[in-house]
Amino acid sequence: MDRPSISPEEAREALDLIDRTTQHMRRSLAHGGAPYFLLIWGVVWMLGFGATHFLGPDSPTVGLIWMVLDTIGIIASFAVGWWISKQMRSPRYGATVGIYWLAWIVYGALIVYFAHPQSGNQLSMLVALLAMFGYVTTGILYRSRFLTGLGLVMTGLILAGYLLWPAYFNLWMAVLGGGSLIAAGVYILRFWR
């Protein structure tokens, strides 16, 4: 079977269309709240994992700190999601993403509860991996190589810190985990608008 040949002009047009689609997707992510969610959760991770490192992963105070930070992060995320949905032409998109992450939180909490992590570090690692699973699947769902790649790179960092430097795992997560999320949010705001 003979394949039809494509002219150089048609190839250029196809590549231009791909570039425009990629730019449109990036702008949609930038205006759709992704950078704000990354900033919110980057700060939560920095503060939470930092407190966990300095107070000790098995400290009862750490659980309270994480509960407060997670509550603030969830409220801030839903507030940003609500605000973004009012700005977008298709508010259903925001509701879908919000429901997706609400389901993720519920199932993540159930998995952690029934998994019975053996230590504070193991609990931290499990929750962080679940969060990155959320980023990877969101990236796949919305065809965002950036979110999928961020989730995969962060997964590698989480595992490296947990396996190679267990005594400094929470400090590792505060600086590299939270810092990477903040850097990704700033990058999107700065270069994708």
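The values are calculated or read from the model by the stated rules, or taken from the named source; none is laboratory data. Just so it is clear, the structure is predicted and the values come from calculations on it, not from any experiment. Backbone-built Cβ (ideal geometry, glycine too); neighbour counts: all protein chains shown.
Given the criteria over 17 Å from the mean Cα position of the chain (by Cα), modelled with pLDDT of 90 or more and either of a type in the set (D, E, K, R) or farther than 25 Å from Leu164 by Cβ (or both), does Ile72 qualify? When the stated conditions are applied, Ile72 does not pass them.
Residues that are at pLDDT below 90, part of a helix (DSSP H, G or I) and crowded, with 18+ Cβ neighbours inside 10 Å do occur in the range 85-92, at least one of them. Just the residues that are polar (S, T, N, Q), part of a helix (DSSP H, G or I) and surrounded by 17 or more Cβ atoms within 10 Å (Cβ to Cβ), please, taken from the range 123-147. Ser124, Thr138, listed by residue number.
When Phe78, Phe133 are checked against the criterion of being at pLDDT below 90, under 16 Å from the mean Cα position of the chain (by Cα) and not polar (S, T, N, Q), Phe78 stands alone in meeting it. Quick check: is even one residue across the range 10-20 modelled with pLDDT of 90 or more, of a type outside the set (Ser, Thr, Tyr) and over 20 Å from Ala183 (Cα atoms)? No, there is no match, as no residue in the range 10-20 is modelled with pLDDT of 90 or more, of a type outside the set (Ser, Thr, Tyr) and over 20 Å from Ala183 (Cα atoms).
Of the residues in the range 109-117, none is surrounded by 17 or more Cβ atoms within 10 Å (Cβ to Cβ) and part of a helix (DSSP H, G or I).
Output yes when any residue across the range 32-52 is at pLDDT below 80 and either more than 17 Å from the chain's Cα centre (by Cα) or surrounded by 11 or more Cβ atoms within 10 Å (Cβ to Cβ) (or both), and no when none is. Yes: the range 32-52 contains one or more residues that are at pLDDT below 80 and either more than 17 Å from the chain's Cα centre (by Cα) or surrounded by 11 or more Cβ atoms within 10 Å (Cβ to Cβ) (or both). When Tyr162 is tested against (1) under 22 Å from Tyr107 (Cβ atoms); (2) under 13 Å from the mean Cα position of the chain (by Cα); (3) crowded, with 19+ Cβ neighbours inside 10 Å, just one condition goes unmet, and that condition is (2). Answer yes if at least one residue in the range 181-190 is more than 16 Å from the chain's Cα centre (by Cα), among the charged types (D, E, K, R), surrounded by fewer than 13 Cβ atoms within 10 Å (Cβ to Cβ) and assigned to a helix (DSSP H, G or I), and no otherwise. So far as the range 181-190 goes, yes, one or more of its residues are more than 16 Å from the chain's Cα centre (by Cα), among the charged types (D, E, K, R), surrounded by fewer than 13 Cβ atoms within 10 Å (Cβ to Cβ) and assigned to a helix (DSSP H, G or I).
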